[in-house]
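Worksheet for the structure shown next.
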Amino acid sequence: MLLVDARGVPLSIIVTAANRNDVTQLALTLDAIVAPRPAVAPRARQHLCADAGFVGAAATQDMRDRDYTPHVRPRGAERTQRAQGKRPRRWVVEVAHSWFTRFRKLLVRYEKLHRSYVALTMLAAAIISFRHVPAKTNIIYG
């Protein structure tokens, strides 16, 4: 499961078995964020966009417990937008998933050990994050 910021940079990655529902791993993913969150002002809200797999009271409560404003896209929303003649809006996490599929080693999981696959996934996340650092910032020498 993958959690990204507004630009698509990975913030949290959880690798689980394929037969686990994403909604059951939401709390673990939100707790595994590696970048410190900015301070939340009383009137400013931090928003969390999710797809239809996170519909439900438990998922909404997990998001609210961590001071996020949940935005869950309902099923069929894309179909109704197309029927109205509008282009459906793509979510940033879908773009991030496509960036991960560019790493051919991760596209099909051949790794037998869980820790090897997690290490490769974290390496890919580091490369994706490095690519999104502005070029004018010299991260080596400060």
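Candidates in segment 57-92 are the residues that are out of contact with any strand residue (DSSP E or B) (no Cβ under 6 Å at 6 or more places or on another chain) and polar (S, T, N, Q); of these, the one that is nearest to Arg7 (Cα to Cα) is Gln81. Take the residues of segment 12-41 that are surrounded by 13 or more Cβ atoms within 10 Å (Cβ to Cβ) and of a type in the set (S, T, N, Q): which is nearest to Leu123 (Cα to Cα)? Going through the qualifying residues, I end up with Ser12.
Scanning segment 83-116 for residues that are in contact with a helix residue (DSSP H, G or I) (Cβ under 8 Å, 6 or more places away or on another chain) and of a type in the set (Phe, Trp, Tyr) yields Trp99, Phe100, Phe103. Within segment 3-29, being out of contact with any strand residue (DSSP E or B) (no Cβ under 7 Å at 6 or more places or on another chain) and among the small types (Gly, Ala, Ser) holds for Ala6, Gly8, Ala17, Ala18, Ala27. Report yes if some residue within segment 123-134 is among the polar types (S, T, N, Q), modelled with pLDDT of 90 or more and in a helix (DSSP H, G or I); otherwise report no. No, segment 123-134 contains no residue that is among the polar types (S, T, N, Q), modelled with pLDDT of 90 or more and in a helix (DSSP H, G or I). Restricting segment 18-41 to residues that are modelled with pLDDT under 85 and small (Gly, Ala, Ser), the residue that is nearest to Ala59 (Cα to Cα) is Ala18. Tallying residues that are within 29 Å of Phe130 (Cβ to Cβ) and without any contact (Cβ under 8 Å) to a residue 40 or more places away in the chain within segment 23-53 yields 21.
A Cβ distance below 8 Å, combined with a sequence gap of six or more or placement on separate chains, defines the contacts here; from segment 59-76, residues that are under 17 Å from Gln25 (Cβ atoms) reach residues that are hydroxyl-bearing (Ser, Thr, Tyr) and in a strand (DSSP E or B) in the pairs Met63/Thr69. Restricting attention to segment 42-97 and to residues that are aromatic (Phe, Trp, Tyr) and at pLDDT 80 or above, the residue that is surrounded by the fewest Cβ atoms within 10 Å (Cβ to Cβ) turns out to be Tyr68.
The values are calculated or read from the model by the stated rules, or taken from the named source; none is laboratory data. Remember, predicted model here, so these are calculated numbers, not experimental data. We place every Cβ from the backbone using ideal geometry, glycine too, and count neighbours over all the protein chains shown.
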